[in-house]
C-alpha cells in the first residue's frame, strides 16, 4: 500500500509487493516516459523510499516527486525470485539491469532525449539477444 500526501491510498496486487522479485517500473507524465527503474523490493517500499526521502543521509528521493500529481506507472514483473545471495543473484540482476538500460536507450533513440528524470543506467552485454527481445516487447507496450 502506498499512501500519498493527500491521504489517498494505492493498493498494489500481491505480485507487485513481493520482495526478491525483479521488477522494472516505468513512470510516464502526460504520455512521456520520464523515468525507468529496477527494483527487487516490494514496489510499495521502493516508491515510498523515493517519495518520502528528504535529503537525510544525502538521498533526496525521486527527482520527479514534486513535478505533478498525475502520472502513469507501468510495472513489469519477472517470474524469477532472487536468493538474496549476491554471487547467485548477480547474473539475473545484470540481465534485468540490461533490459532497464536498453529501455532507457530506446527512449533516447526514439525521442531524441533521455527520460527527463533518469539518474543512471547500468549497461552490460548480458544475453544480448534475449535482452533486446524483451526490451522490444516492453517498449511497444509502454508506448502504446
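Bear in mind these aren't lab numbers, they're just calculated from the coordinates by the rules spelled out. This structure is a prediction, so every number in the text was calculated from the model and none was measured. Positions of Cβ are backbone-derived with ideal geometry, glycine not excepted, and every protein chain shown enters the neighbour counts.
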Potential lengthening between residue 19 and residue 144 on full extension [0.36 nm per residue; Cα-Cα distance subtracted]: 42.1 nm
Label residue 90 and residue 67 with points 7 Å out from Cα along Cα→Cβ: what is the distance between them in nm? 3.5 nm
Between region 118-144 and region 80-95, how many Å separate their Cα centres? 18 Å
Correct choice for log10 I(q)/I(0) by the Debye sum over Cα atoms at q = 0.12 Å⁻¹ that was computed from the model, options [x] -0.50; [y] -0.66; [z] -0.45: [x]
From the square roots a ≥ b ≥ c of the eigenvalues of the alpha-carbon gyration tensor of region 71-143, which class results: rounded (a/c under 1.5), prolate (a/b over b/c), or oblate? prolate
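When a/c reaches 1.5 or more, the comparison of a/b and b/c decides; with that in mind, is region 38-105 rounded, prolate or oblate per its Cα gyration tensor?
Prolate is the answer for region 38-105, as a/c is 1.5 or above and a/b outweighs b/c.
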